[in-house]
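Working notes, beginning with the structure itself.
The values are calculated or read from the model by the stated rules, or taken from the named source; none is laboratory data. Just so we're clear, the structure is a prediction, and the values are computed from it rather than from any experiment. So basically every Cβ, Gly included, is an ideal-geometry build from the backbone, and we count neighbours across all protein chains shown. What goes into the accessible areas is simple: the full protein's heavy atoms, side chains included, and nothing from ligands, DNA or RNA. Shrake-Rupley method; radii C 1.70, N 1.55, O 1.52, S 1.80 Å.
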Amino acid sequence: MDVVIAAKTIPKNTLITEDNVGDYFTTIQAQSIFKTSNAVTNPQELIGQYALNGIWDKAPINQDMFQSQLDIFAAYKKPVQASFNVANLSDAVCGWLRAGDYVDIFGVDINQGKRIIENAYIFKAYDSAGVQISVSDTTAIATNFTIILESGEEEVLYEMLKNSTVVVTKSS
């Protein structure tokens with residue numbers, strides 16, 4: 001019986017594509033006792049899916065380890081994308097945020113801080129030069145983001161950007 005396993009460690013939030021599916025997965029022969037009901041039997045099934053968590057090298061692969069972009073958008077009633085940058089490195093978890101992270105966004109001024117958006121999804125993260133950062137890149141510093149949020153929340157975000165400092169925290 002064929003079982004799909006990780007050919008190498010797969011970082012959290014990695015998008016599986018035609019180009020990388022062969023790098024991340026291999027199929028091995030295994031006894032049927034190792035096959036679960038949601039086991040992936042063909043790595044091609046995973047193209048277009050994102051790894052929900054990091055997956056260790058040689059781990060057996062199950063469908064519930066992945067989600068599609070449609071799954072991500074389905075969590076929002078009326079999803080929109082918005083982009084913004086933070087003024088300082090310390091305003092975005094010291095630059096360690098990556099695509100696939102969920103974040104809360106605060107507007108902070110001299111008098112107070114106020115949570116303006118909860119549980120926004122980072123769709124893409126960029127460095128200060130505008131270069132997209134891969135989820136596996138552990139050295140680049142993210143200061144620019146494209147997020148998915150509920151329609152109407154982008155207006156609040158852009159208003160806060162005009163009038164205060166925006167601070168991003170990673171949601172659990």
Exception for Glu118 within (1) of a type in the set (D, E, K, R); (2) over 22 Å from Glu159 (Cβ atoms); (3) open to solvent by 70 Å² or more (accessible area, probe 1.4 Å) falls at (2)
Contact list, first residue from region 157-171 and acidic (Asp, Glu), second anywhere and modelled with pLDDT under 90, beta-carbon distance below 7 Å, six or more apart or interchain, is none
Per the filter on region 72-82, residues open to solvent by less than 60 Å² (accessible area, probe 1.4 Å) and assigned to a strand (DSSP E or B) are Pro79, Val80, Ala82
Restricting attention to region 8-42, the residues that are under 19 Å from Ile133 (Cβ atoms), aliphatic (A, V, I, L, M) and open to solvent by less than 30 Å² (accessible area, probe 1.4 Å) number exactly 2
For region 136-166 the number of residues that are buried (at least 16 other Cβ atoms within 10 Å of the Cβ) and at pLDDT below 90 is 5
In region 1-31, anything within 20 Å of Ala99 (Cβ to Cβ), in a loop (DSSP other than H, G, I, E, B) and in contact (Cβ under 8 Å) with a residue 24 or more places away in the chain is listed as Lys8, Thr9, Pro11, Lys12, Asn13, Thr14, Ile16, Thr17, Glu18
Does region 43-51 contain at least one residue that is open to solvent by less than 70 Å² (accessible area, probe 1.4 Å), in contact with an Asp or Glu (Cβ under 7 Å, 6 or more places away or on another chain) and closer than 22 Å to Ala99 by Cβ? yes
Of those in region 86-113 that are under 19 Å from Lys12 (Cα atoms) and in a loop (DSSP other than H, G, I, E, B), the residue most open to solvent (accessible area, probe 1.4 Å) is Trp96
Of the residues in region 114-153, those that are in contact with a strand residue (DSSP E or B) (Cβ under 6 Å, 6 or more places away or on another chain) and assigned to a strand (DSSP E or B) number 20
Going through region 1-31 in order, the residues found to be touching a helix residue (DSSP H, G or I) at 6+ places or on another chain (Cβ under 7 Å) and of a type in the set (A, V, I, L, M, F, W, C) are Met1, Val3, Val4, Ala6, Ala7, Ile10, Ile16, Val21, Phe25
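Give the residues of region 46-71 that are in a loop (DSSP other than H, G, I, E, B) and in contact with a helix residue (DSSP H, G or I) (Cβ under 8 Å, 6 or more places away or on another chain), sorted by residue number.
So in region 46-71, the residues in a loop (DSSP other than H, G, I, E, B) come out as 47-48, 52-54, 56-59, 61.
Across region 46-71, the qualifying residues are Ile47, Gly48, Leu52, Asn53, Ile61.
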